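Data block below; observations after.
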Ligand SMILES: Nc1ncnc2c1ncn2[C@@H]1O[C@H](COP(=O)(O)OP(=O)(O)OP(=O)(O)O)[C@@H](O)[C@H]1O
Ligand SMILES: [Mg+2]
């Protein structure tokens, strides 16, 4: 199999998918913006060929360059695993005559209004919603939907430019904060818990699914810097508390006709038990959540994805053994990391349950917590028991401190 793969070097987990493809015997033709020498070793080692382009945002320019580069060679698939490249991948497929998701299908995954309209038609519960491209339309939608509400970019990611409005004053502030956003979704605010439903799908059939619990909800985590956000992949995905979300997720795959690869859904569970759909990405979750699946089930889901893409089935065996919590840390202060406190004590106490430490080091420049979910790094812990896992995650939130100056 010959696979055209967009952005093989970024973000940090993507090279693992390139490795997966190469492990199952595919040849990977990478297209990205970095010079080949700047690619992470794992990506470079597993690529068959690489084309550097000036920007993946310019779809037409990328298409011209890719076509010239391939020189008439027919490839089997085009894969893109990050939100901003899902439509570009579809455009390349159409232009190069390669099977897979079309542009029209891909847009349903990128445009939060098209997505909800498609699901509404099938009876999936979405928040009341409207598309708005002018201030007047936002106000009209707000009037109709009522407070509290959410305003967010129609094709946003990472909770950027997303506002909760409780009253007219907050609505004014949100209108101000989204002035540069060409189109927004105005939505009924859904109170409740927030979970993912992530699937590995082959020929439209779900082969594996993962549910992660966000503590707190992503929008809250993105609003308060002092919070150490947690994402917890749950061991018991069959518990009755989650059944409504699982059924909804399965239905969404069916309705949208998703065929092969990873999807990443988010859904809400209200205090009264009602489940409401959040969104779906035609790609895996980010922020190393695919690694969580590996830690939860002791398998290699990067290779699993490649099996699905190249062989049409997931042949690896896996078993859900652990709950896995990732705790993202944000340093106190600005500038460079000068000290890390509390790590030794946590290591001694939690021992083997800490499976991954990926913190910035002393001397490293702090990252912008608003621009990366990874913040200044993270710890991953796992345990068969959920309460124990949550307990460890909370302790990491409280007792591990990074200082910057
Ligand atoms: N209708 C809603 N009701 C309540 N909270 C919402 C609603 N819409 C969005 N949010 C909050 O804002 C966050 C970001 O919204 P959403 O997931 O739609 O956008 P995103 O930026 O694509 O997210 P991602 O980080 O998954 O890329 C959600 O995780 C949720 O916490
Ligand atoms: Mg989201």
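Counting every other Cβ atom within 10 Å of each residue's Cβ, 232, 206 order from fewest to most as 206, 232. The listed peptides 244-254, 322-332, ordered by packing as a protection proxy, come out as 322-332, 244-254 (highest mean of other Cβ atoms within 10 Å first). Taking the centroid of alpha carbons for each part, segment 6-28 and segment 149-224 are 28 Å apart. Percentage of Cα-Cα pair distances in segment 325-405 greater than 22 Å, rounded to whole percent? When all Cα pairs of segment 325-405 are counted, 22 percent exceed 22 Å. Counting neighbouring Cβ atoms within 10 Å and putting the fewest first, the residues 200, 63 line up as 63, 200.
Stretching the chain fully between residue 49 and residue 76 yields a gain of 8.2 nm (0.36 nm per residue, less the alpha carbon separation).
Potential lengthening of the chain between residue 403 and residue 224 amounts to 62.7 nm, from the contour at 0.36 nm per residue minus the alpha-carbon distance. Our note on the geometry: Cα centres of segment 261-331 and segment 338-371, 24 Å apart.
With an a/c value of 1.5 or above and a/b larger than b/c for the gyration tensor axes a ≥ b ≥ c computed over the alpha-carbon atoms, segment 253-400 is described as prolate. With an a/c value of 1.5 or above and a/b larger than b/c for the gyration tensor axes a ≥ b ≥ c computed over the alpha-carbon atoms, segment 71-183 is described as prolate. Volume per residue of the convex hull around the Cα atoms, evaluated for segment 191-321, comes out as 100 Å³. Roughly what percent of Cα-Cα pairs across segment 2-102 reach past 23 Å? Taking all Cα-Cα pairs of segment 2-102, the fraction more than 23 Å apart is 15 percent. How large is log10 of I(q)/I(0) for the chain at q = 0.09, 0.12 Å⁻¹ when the intensity is taken from the Debye formula with one equal scatterer per alpha-carbon? The computed values of log10 I(q)/I(0) come out as -0.57, -1.05.
Antiparallel beta bridges, as assigned by DSSP with both residues in segment 325-405, represent about 95 percent of the total such bridges.
Throughout, read-outs are computed from the coordinates displayed, never taken from laboratory work. Quick caveat: nothing in here was measured; it's all calculated off a predicted structure. As a convention, Cβ positions derive from the backbone with ideal geometry for all residues, glycine included, and neighbour counts pool all protein chains shown.
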